[in-house]
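Let me begin by presenting the structure, written as structure tokens, before commenting on it.
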Amino acid sequence: MSSPVRPPALSTSLTTTPVHAASPAGAWWRDAVIYQVYPRSFADADGDGIGDLPGITARLDHLAELGVDAVWLSPFYRSPQRDAGYDVADYRDVDPLFGTLADADALLARAHSLGLRVIVDLVPNHTSSDHPWFRAALGAAPGSPERARYLFRDGRGPHGAEPPNNWTSVFGGPAWTRVTEADGTPGQWYLHLFDTSQPDLDWSNPEVRAELEDVLRFWLDRGVDGFRVDVAHGMVKAPGLPDWDGTTAMIDGGHDGTYGSEDGATGSGSAGPMWDQEGLHDIYRSWNRVLAEYDGDRALVAEAWVEPMSRLARYVRPGEMHQAFNFAFLTTLWSGPALRAVVTGSLEANDEVGAPTTWVLSNHDVVRHPSRLGLEVPGSRPNGIGTTDPQPDAELGLHRARAASLLMLALPGSAYVYQGEELGLPEHTTLPDEERQDPAWWRSGHTERGRDGCRVPLPWEADAPAYGFSPGGRSWLSQPDVFADHALDQQRGVPGSTYELYRTALHVRRERSLGTGSLAWVSGLRTTAGDVVGDDVLALVNRDLLVVTTVGGAEAVLPRGWEPVVTSGPTRASDEGGVLVPPDTTVWAVLRD
Ligand code: BGC
């Protein structure tokens, strides 16, 4: 059970508002920092310019040294790679691009020997159109058991020439594709919420449920510590597949470039008949039972773009999933009141169901946060940035990103770090359009640049070909020149570098058990002029740490006696002698005796 919040003694002029109580140490995932590896872009061992499992294994020391607790691997299964592996043709094998099952076993063994847990991606909403099930469905007749694994329907209108409903694909264009029947006539339509190469499975079919449970066991038997469940809010559709005039985008607004919100709302179209249906929860309860048969606190993590937060928390009720990505935090604009609201709302909603809150700022689907925070509306979320788009202010963006990351790592719960964010990597905002591979780029008729800019291979060594990513000097997406400055070998051991900032923060976070800690907001901090700070200064205590984040031009002075232990940027002495936290900076401070 939780213990009462007992913030350390603050000066009498300060008041605290408790939000979340500390908890005793529990299962590893409750407070873990989990590092997302995007296999094709982490490290390439065989020199073909595409990252692979042996490349990851060889670089796992980096993650142990950084101080994370676990690794989440994006898909590495057999796949035609039409959506970078989120189109799985064989759930029980490794794609030759990335290696072999033996390589997966070696990766798991090495990670575990370094004390790192490993979560793998599970893609249950859809298979690849190359999956044997879908090939069989194409060759079988309407109404056959082969078609019943997917969502095949007759079309509407004369000769069934119109799609069965008006849904659109998340990547743009219609969500239905018509097939040609064996006799050569135009036939039924199948549903694909994503690309045409990603047909949706029919989760009301017991065979589908049995198959995916078997896939869970396949990987649990090999020793994985959990699953990140792709599109966890999409597998069950409303009966009758009714028309929907809202957007089908997981990330709503994806077509006007004005993402991000003041109140932490993701803007996701989660109200549609394809999202967040009640029937999902029964699936997760049965998966929970499968995991519970195994030792070692295996975990299920929901990738569910669902709001409000109370609705998302239903995925992590006891007996269901263990964590859900907090996209409301990721999509919140760089605004003090908005950040305060989303942190409070997230902790309160998850506390209601006894689940840890997660925190995330970047992943393989969104513009990297140092670039988002350098945009004219800091924290807004275009679907990719191209050469002809307004370019972010790289320096200011990185400065704010360091502050945002240090705030995130101070929060109780579990945090996700996307590969390269520990290097302060920006989005590749000038990637040549002809290199783009994201299906969103062509399905949107070249109106959405898509996600390639956050998926560029990592720079390890500034002076090596492909910045040390690949022994052959190749890289499946070209790396921008600025990656040289961000290479690991330019930052390791360099005080003040982003890498050393993350390493120190992760060390302090672990040492002080911040992940199982408490959160109380602190009010009453002063500006240099002696006025009480406004809403754009966030101040909180977690255990014995005072955390101050200044947003949007605001400054604050640390209360008397408090000294910085980690800072995202330079601080200086104020005229009265206290430590001044300049704009867009986070400071972790302790009270000196
Ligand atoms: C993944 C994306 C992928 C989509 C379809 C998402 O949520 O994170 O990268 O394109 O699911 O599988």
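Key figures for this structure:
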{"read-out": "Residues of the range 154-187 satisfying the condition of being buried (at least 21 other Cβ atoms within 10 Å of the Cβ) and not in a loop (DSSP other than H, G, I, E, B)", "value": "176"}
{"read-out": "Failed item, numbered, when residue 260 is tested on (1) away from the ligand (no atom under 16 Å from the Cβ); (2) modelled with pLDDT of 70 or more", "value": "(2)"}
{"read-out": "Residue 170 more than 20 Å from residue 321 (Cα to Cα) and within 16 Å of the ligand (Cβ to nearest atom)", "value": "yes"}
{"read-out": "Condition met for residue 48 (in contact with a Lys or Arg (Cβ under 8 Å, 6 or more places away or on another chain) and either at pLDDT below 95 or not hydrophobic (A, V, I, L, M, F, W, C) (or both))", "value": "yes"}
{"read-out": "Selection count where residues are more than 13 Å from the ligand (Cβ to nearest atom) and in a helix (DSSP H, G or I), scope the range 434-451", "value": "3"}
{"read-out": "Criterion (acidic (Asp, Glu) and out of contact with any Asp or Glu (no Cβ under 8 Å at 6 or more places or on another chain)) met by exactly one of 433, 438", "value": "433"}
{"read-out": "Unmet requirement for residue 194, which otherwise passes all of (1) touching a strand residue (DSSP E or B) at 6+ places or on another chain (Cβ under 7 Å); (2) more than 14 Å from the ligand (Cβ to nearest atom); (3) hydrophobic (A, V, I, L, M, F, W, C)", "value": "(2)"}
{"read-out": "Helices (runs of 4 or more DSSP H) fully within the range 275-358 counting 1 or more residues that are touching a Lys or Arg at 6+ places or on another chain (Cβ under 7 Å) and buried (at least 17 other Cβ atoms within 10 Å of the Cβ)", "value": "280-292"}
{"read-out": "Strands (runs of 3 or more DSSP E) lying entirely in the range 532-572 (those with 1 or more residues that are surrounded by fewer than 17 Cβ atoms within 10 Å (Cβ to Cβ))", "value": "562-567"}
{"read-out": "Members of the range 220-246 that are of a type in the set (Gly, Ala, Ser), more than 10 Å from the ligand (Cβ to nearest atom) and at negative phi", "value": "238, 246"}
{"read-out": "Only listed residue being under 30 Å from residue 525 (Cα atoms), open to solvent by 10 Å² or more (accessible area, probe 1.4 Å) and modelled with pLDDT of 95 or more, chosen from 54, 18", "value": "18"}
{"read-out": "Qualifying residue in the range 413-433 (condition: assigned to a strand (DSSP E or B), hydroxyl-bearing (Ser, Thr, Tyr) and over 29 Å from residue 172 (Cα atoms))", "value": "yes"}
{"read-out": "Counted residues, the range 66-101 - those being within 22 Å of the chain's Cα centre (by Cα) and within 15 Å of the ligand (Cβ to nearest atom)", "value": "16"}
{"read-out": "Checklist (1) in contact with a Leu (Cβ under 9 Å, 6 or more places away or on another chain); (2) under 22 Å from residue 20 (Cβ atoms); (3) surrounded by fewer than 17 Cβ atoms within 10 Å (Cβ to Cβ) applied to residue 513, failing item", "value": "(1)"}
{"read-out": "Number of the exception - residue 34 against (1) within 16 Å of the ligand (Cβ to nearest atom); (2) under 22 Å from the mean Cα position of the chain (by Cα); (3) outside any strand (DSSP E or B)", "value": "(3)"}
{"read-out": "Tally, over the range 102-141, of residues that are touching a Pro at 6+ places or on another chain (Cβ under 7 Å) and either under 30 Å from residue 178 (Cβ atoms) or within 16 Å of the ligand (Cβ to nearest atom) (or both)", "value": "8"}
{"read-out": "Hits in the range 224-236 - residues which are surrounded by 23 or more Cβ atoms within 10 Å (Cβ to Cβ) and part of a loop (DSSP other than H, G, I, E, B)", "value": "225, 231, 232, 233, 234, 235"}
{"read-out": "Close pairs from the range 222-235: first in contact (Cβ under 8 Å) with a residue 24 or more places away in the chain, partner polar (S, T, N, Q), Cβ under 7 Å, at least 6 apart", "value": "230/125; 231/125; 233/270; 234/125; 235/125"}
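For every residue, the table says whether it meets (1) surrounded by fewer than 17 Cβ atoms within 10 Å (Cβ to Cβ); (2) outside any helix (DSSP H, G or I).
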site	(1), (2)
105	yes, no
108	no, no
128	no, yes
137	no, no
143	yes, yes
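The values are calculated or read from the model by the stated rules, or taken from the named source; none is laboratory data. Here the structure is a predicted model, which means the values were calculated and not measured. Reconstructed Cβ throughout: ideal geometry from the backbone, glycine too, with neighbour counts over all protein chains shown. Accessible surface is based on the protein model in full, side chains and every heavy atom, while ligands, DNA and RNA are left aside. Shrake-Rupley method; radii C 1.70, N 1.55, O 1.52, S 1.80 Å.
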